[in-house]
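The values are calculated or read from the model by the stated rules, or taken from the named source; none is laboratory data. These numbers come from a predicted model, not from an experiment. Cβ atoms come from the backbone with ideal geometry, glycine included; neighbour counts cover every protein chain shown. Surface areas here come from the heavy atoms of the whole protein model, side chains and all, with no ligands, DNA or RNA. Shrake-Rupley method; radii C 1.70, N 1.55, O 1.52, S 1.80 Å.
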Amino acid sequence: MTAASPGPDDDDRGREHDHHGDEGGEHREDGGHREDGGHGGREEPPGNEPLTARSALGLRAVLSGIALVAAAAAAIVFAIVANHDGSGSAWGAAVVCVIVAAIAATDLAVIARRARGR
């Protein structure tokens, strides 16, 4: 590059970024600006989404229930195989299945608590 030809970063030197453009900047319909300059922070979504947002707790409960039953059954099968063969890898698989079953059971408890709150 020569001194006469601008580099790729030369166009942005010394200029502030325009927050009024169409590049996903912070534009509000009332013409105001965010106090933090549009960087970081969390902004409330427009409309009534926070009031009407719903989680699919029923579907989540069904999937967690299936995962709990399947992981518990697999843990039992792997434990039986490991006990019969003495295989270390089968014991490892049984432990992983027990962990998955515990996570699914915890998720079911959280779902039940949230469902009571509705």
So, taking all protein chains as they sit and a 1.4 Å probe, how much accessible area belongs to Asp85, in Å² rounded to tens?
100
On the formula 1/(1 + (r/R0)^6), with r taken between the Cβ atoms of Leu59 and Val95 and R0 of 35 Å, the FRET efficiency rounded to 0.05 is 0.80
For the pair Ile66 and Val81, the simple spin-label estimate (label points 7 Å beyond Cα toward Cβ) gives in nm 2.2
How much solvent-accessible surface does Leu108 expose, in Å² to the nearest 10, with a 1.4 Å probe and all protein chains in place?
50
